[in-house]
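Contents: one structure, followed by commentary.
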Amino acid sequence: MKKITLIIFLLLSVFSLAQLQKVKIDTIITPEIGGIKQAIEIKTDDASKPILLFLSGGPGSSMMKNADSFTSILKSRFTIVQWDQRDAGKTFELNPSPVSPSVELMGKDTFEVINFLRKQLKQEKVYLLGSSWGNALGFYIVRNHPELLHAYFAVNPVISQLKSEKELLKTLQTQFKEDAVASKELASVHIPFTNDYDLFYLRKWLFYKDGKKYVTGDDFKKGFLQWSKTWSPAWNEVMKIDLPKTLKKIECPVYFFVGKNDIQTLTIITKGYFEQVKAPRKDLFLFENSGHQIHKDEPEKFQNTIITLLK
């Protein structure tokens, strides 16, 4: 009897010790995804915490460098994963994409990244968060692989971007009707876009409205048009996305985060989609002091809202 009691005690002690030995991770790894090396950053003080994978906006942008500013609270509850998509950030530094990026190709990349994380961290599902353009990839997963998700967070999402760009043009034309240069450039914009200058002028005056005066300089123009060589085909694909018509039912919980002052992915369009879409659980959160960058404009509320949804 004493021997059995001792064995049980030893087993319980080993189990307790294993529970206390949390696996910490703070690293950037470069697995092969979609035929090229892609950079994935994993940060956690306990690898058993659920995975929260961020899908950066852009396209062509990275959230990795400044991630601590909008994940400092989240890291208490999640294993935080940032991923630099093909032709963006550290992945671009490793190897440019040998083929032109597209929504379909990068949606498949996203699927590979999720499965890689599930295998590496031994978890069946992930929490997925798309920011702006990242929602083109996020809703690709929501549509095709909802079984892999605990939930999806759609932050400043692209819902019906053609409609949103048309409304943005009207807003900017009204805003700058007394500005001769802006009026002339905005008057030349065609939607759907016919060339790279259409999107350039639209973003130039949107950013100028937001206080970014540098957009009137030659460096911004040169940089934007260089970006367009890679990304305008993918953005033209985004312009064809119309979720109210093509994705009326979602098979996983979905939560929409919208900035009250967002005119780039129009808030009223997201509200309309939220009201009609069917999902096992859904909610919409309005951020009163945010525009198109909720995670930067209201980082604390952004994080606490996500944590609240875990309950």
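Estimate the FRET efficiency between residue 191 and residue 45 by the formula 1/(1 + (r/R0)^6), using the beta-carbon distance for r and 41 Å for R0, to the nearest 0.05. The calculated FRET efficiency here is 0.30. Go ahead and set up a Gaussian network model of the chain, Cα springs under 10 Å, then flag whichever of 294, 73, 159 fluctuates most. Largest GNM mean-square fluctuation: 73. Over every Cα atom in the range 162-238, the radius of gyration and the widest Cα-Cα span, Dmax, amount to 12.0, 34 Å.
Near residue 80: Cβ cut-off under 11 Å, other residues only, Lys/Arg at +1 and Asp/Glu at -1. The net charge is 0.
Counting only Cβ charges, +1 for Lys and Arg and -1 for Asp and Glu, the dipole size of the range 224-286 around its Cα centre is about 140 debye. Of the residues 223, 259, 291, the one that moves most in a GNM of the chain with alpha-carbon contacts below 10 Å is 223.
Taking the Cα centre of the range 162-238 as origin and assigning +1 to Lys and Arg Cβ atoms and -1 to Asp and Glu Cβ atoms, the resulting dipole is close to 100 debye. Within the shell defined by Cβ-Cβ distances under 12 Å, the residues around residue 27 carry a net charge of 0, with Lys and Arg each +1 and Asp and Glu each -1. Of the options (1) 52, 43, 42; (2) 93, 42, 33; (3) 86, 71, 39, only one is Cα extents along the principal axes in Å as computed from these coordinates, and that is (2).
Structure note, pairs 37/119; 65/245; 212/240: Cα-Cα distances above 26 angstrom occur for 65/245; 212/240.
Here the extension length gained between residue 246 and residue 125 equals 41.1 nm, from 0.36 nm per residue of separation less the Cα-Cα distance. Placing unit charges on each Cβ (+1 for Lys and Arg, -1 for Asp and Glu) gives the chain a dipole about its Cα centre, and among 293, 303, 186 the Cα reaching farthest toward its positive end belongs to 303. The calculated 222 nm mean residue ellipticity attributable to helices in the chain amounts to -14000 deg cm²/dmol, summing -39500 (n - 2.57) over DSSP H runs of n ≥ 4 and dividing by all residues.
Highest mean first, what order results for 269-275, 212-218 on Cβ atoms within 10 Å?
Values: 269-275: 17.9, 212-218: 11.3.
Output ranking for 269-275, 212-218: 269-275, 212-218.
Full extension of the chain between residue 209 and residue 184 yields a length gain of 7.4 nm, computed as 0.36 nm times the residue separation minus the alpha carbon distance. For residue 214, the shell of other residues with beta-carbons less than 14 Å away shows a net charge of +4, using +1 for Lys and Arg and -1 for Asp and Glu.
Read the figures in this text as sums done on the coordinates, not as results from a lab. What you see is a predicted model, and the numbers here were worked out from it, not measured in a lab. Here Cβ is always computed from backbone atoms with ideal geometry, including for glycine, and neighbour counts include all displayed protein chains.
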